[in-house]
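Taking it in order: structure first as structure tokens, then the write-up.
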Amino acid sequence: MTEEPLPAALSAEINTVLDDAGVHSDRRLVMRMLRTAILLGEDGTDRLDLKIASAALAEMRDAFRLFAPYEGVPKVTVFGSARTRQDDPLYVQARDVAAALAADGWMVVTGAGPGIMQAAAEGAGPALSLGVSIRLPFEEKANALVEASDHVVAMKYFFTRKLMLMKESRGFICLPGGFGTLDEMFELLTLQQTGKAEPMPIVLLDQQGGTFWQGLKRFIDEDLAPTGVISEGDFDRVVITDSVEAATAEITGFWRNYDSLRWVGDTLVLRLRSAPTDAEIDGLNERFASMLASGRIERAEPRQVEVSDRDRVELPRLALHLDQWRVGELFRLIRAINDLPSAPAP
């Protein structure tokens, strides 16, 4: 993206404003936002468009401030219908899975509404619940559990709300719901398939004996995959279950050995909790050679940029040249890394 320069005198005035405001960290990025705002004005941008841009930025700031104090706490987002009643078995499932994850130290993020969202907040408890609500003329009001706390932020736009429901979490649980729930689930799958988001565990949780998600799987297997609009196995990244225990194990187990990833040029660096043996690395190369654009999966030291950023430098690493067309299959390699005998005990 080419940045349009501002006149030198105007840039100097903006720098003075930033000095007076005490803005020093990541100043270049703040300057870029201010530059964009000024250019929107110069472009004669429509008033409605300006209102959208202004409100979106303000909403994101509010949400960033909500999440900032809990940066180091793992989070799981629970999606599901706002219309699920408290006597519904799905309500109990959502409450119980949230309680199980909260007991393991996870915070639970929801859309802060009634139904499944209220159930998950109830299970996690007020201290471990975060809510990102949407302002609607009907149906969606923050449930009493989060409304009474300072753990909720209200959004005008679905796209900013969806960003914050997904950006901060390290796992996702979807319970049966309507258009909104399915929209959120399919966006998760799209982000994973295209590599726009890092691999994360996704669980589709039903009531015991329920068939809601099995119907979706049949549609994917019988109507989507055979036509070639998705790849065979694209849906394998998702775990479908009616068990709270299995759902909890999938969310926490995904991080058993795998910690994080970073691209350094065209090299993908995977950070692990436990260093694999030479024999285990050989086994990974045998199983996943088709995912590589060139070379092998190798043990690696932190790259210079990682050292400069102090980015998980204490962790062992694997490095590989991934075929960019196979980025959606990274979850398979991560699961194999988690199953290595050298991985920490579950």
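The values are calculated or read from the model by the stated rules, or taken from the named source; none is laboratory data. Everything numeric here is computed off the predicted structure, so don't read it as measured data. All Cβ positions, even for glycine, are placed from backbone atoms using ideal geometry, and neighbour counts span all protein chains on display. Please note that ligands, DNA and RNA were not included when accessible areas were found on the heavy atoms of the full protein model with its side chains. Shrake-Rupley method; radii C 1.70, N 1.55, O 1.52, S 1.80 Å.
For first residues located in region 41-66 and under 23 Å from Leu6 (Cβ atoms), partners that are in a loop (DSSP other than H, G, I, E, B) and lie 6+ apart or on another chain with Cβ distances below 7 Å form the pairs Ala56/Tyr157. Give the residues of region 159-215 that are in contact with an Asp or Glu (Cβ under 7 Å, 6 or more places away or on another chain), farther than 22 Å from Arg85 by Cβ and among the polar types (S, T, N, Q), sorted by residue number. Matches in region 159-215: Thr160, Gln193.
Here Leu204, Leu182 are screened, and the one residue that is modelled with pLDDT of 95 or more and either open to solvent by less than 30 Å² (accessible area, probe 1.4 Å) or in contact with a helix residue (DSSP H, G or I) (Cβ under 6 Å, 6 or more places away or on another chain) (or both) is Leu204. Scan Pro74, Pro69, Pro89 and give me the residue that is surrounded by 15 or more Cβ atoms within 10 Å (Cβ to Cβ) and modelled with pLDDT of 95 or more. Only one candidate passes the filter, namely Pro74. Out of Gln304, Gln324, one residue alone is under 21 Å from Leu191 (Cβ atoms) and either among the basic types (Lys, Arg) or open to solvent by 30 Å² or more (accessible area, probe 1.4 Å) (or both). It is Gln324.
In this structure, does Asp20 turn out to be free of Cβ contacts under 8 Å to residues at least 40 places away in the same chain, closer than 30 Å to Leu130 by Cα and either assigned to a helix (DSSP H, G or I) or of a type in the set (D, E, K, R) (or both)? Quick ask: steps written out before the conclusion?
On the way: free of Cβ contacts under 8 Å to residues at least 40 places away in the same chain: yes; closer than 30 Å to Leu130 by Cα: no; either assigned to a helix (DSSP H, G or I) or of a type in the set (D, E, K, R) (or both): yes.
For Asp20, the condition - free of Cβ contacts under 8 Å to residues at least 40 places away in the same chain, closer than 30 Å to Leu130 by Cα and either assigned to a helix (DSSP H, G or I) or of a type in the set (D, E, K, R) (or both) - is not met.
Of Leu18, Leu66, Leu40, all but one fail to be out of contact with any helix residue (DSSP H, G or I) (no Cβ under 7 Å at 6 or more places or on another chain), farther than 30 Å from Ser243 by Cβ and of a type in the set (A, V, I, L, M); the exception is Leu66.
Name the single residue, out of those in region 79-95 being within 24 Å of the chain's Cα centre (by Cα) and part of a helix (DSSP H, G or I), that is farthest from Gly177 (Cα to Cα).
In the first step, residues of region 79-95 are kept if they are within 24 Å of the chain's Cα centre (by Cα); the result is 79-82, 90-91, 93-95.
Going one step further and asking which of them are part of a helix (DSSP H, G or I), we end up with 90-91, 93-95.
Details: Leu90: 10, Tyr91: 12, Gln93: 14, Ala94: 12, Arg95: 15 Å.
My answer is Arg95.
Here the condition is being open to solvent by 80 Å² or more (accessible area, probe 1.4 Å) and more than 27 Å from Ile52 (Cβ to Cβ); of Asp20, Asp26, it holds for Asp20 alone.
Look at Thr45 and say whether it is within 18 Å of Met166 (Cβ to Cβ), open to solvent by less than 50 Å² (accessible area, probe 1.4 Å), among the hydroxyl-bearing types (Ser, Thr, Tyr) and at pLDDT 95 or above.
No; evaluated as a whole, the condition is false for this residue.
Taking Arg32 as the residue in question, decide whether it is under 31 Å from the mean Cα position of the chain (by Cα), open to solvent by 80 Å² or more (accessible area, probe 1.4 Å) and basic (Lys, Arg). Walk me through how you get there before you give the answer.
Working: under 31 Å from the mean Cα position of the chain (by Cα): yes; open to solvent by 80 Å² or more (accessible area, probe 1.4 Å): yes; basic (Lys, Arg): yes.
So Arg32 passes the test.
Here is the figure for region 141-176: residues that are open to solvent by 20 Å² or more (accessible area, probe 1.4 Å), over 17 Å from Asp62 (Cα atoms) and modelled with pLDDT under 95 total 4. Scanning region 96-116 for residues that are within 21 Å of the chain's Cα centre (by Cα), open to solvent by less than 20 Å² (accessible area, probe 1.4 Å) and at positive phi turns up just one, Ala112. Counting residues in region 240-252 that are over 30 Å from Ala100 (Cβ atoms) and open to solvent by 20 Å² or more (accessible area, probe 1.4 Å) gives zero.
Out of Arg326, Arg310, report the one residue that is under 27 Å from the mean Cα position of the chain (by Cα) and at positive phi. Outline the logic, then answer.
Working: Arg326 fails: at positive phi.
So the residue among Arg326, Arg310 that is under 27 Å from the mean Cα position of the chain (by Cα) and at positive phi is Arg310.
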